[in-house]
Amino acid sequence: MIENISFDERRSMTLRAYLAKENAIELNNEILDKRRFLRKYKQIEKGFLQFEAINKIRFLESRAYELDLIMQEVRSDIDIAIEKYGHIIEYENSSNSDKLNDIMSLFSLFSIACLPAGIIGSLFGMNMKVPF
């Protein structure tokens, strides 16, 4: 399945994974803020809360805990995806680099082969006597 995906699609998947990770971190921070608010609210209004309000706070705390568990799973999945597609992109870059190195070595061999002819041609092309 991964072999059929083009390099651009892999790169876009990696970028989407990074964005999803950033969104997950923002959501986690929001959950933490709500938990802090609930703790402060619970401490301040502890003596004045009615039974329904206490149940709502407990529900919100349990929901925050469930969301925290979901966020941990999402983060681990995103990290796995980033690692997986990151390795694929590194492989593509290294194979492209190998191809470029082969081309450069071919150009180097060509220039080495043409160098003696260029030197001899430049010596005999001068309008002056050559010492040999």
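The values are calculated or read from the model by the stated rules, or taken from the named source; none is laboratory data. What you see is a predicted model, and the numbers here were worked out from it, not measured in a lab. Please note: Cβ atoms are built from the backbone with ideal geometry, for glycine as well, and neighbour counts cover all protein chains shown.
Could you go through region 30-51 and let me know if any residue there is within 24 Å of the chain's Cα centre (by Cα) and either surrounded by 10 or more Cβ atoms within 10 Å (Cβ to Cβ) or at pLDDT 80 or above (or both). Yes, that holds for at least one residue.
Take the conditions (1) in a loop (DSSP other than H, G, I, E, B); (2) modelled with pLDDT of 80 or more; residue 62 misses just one of them, which is (1).
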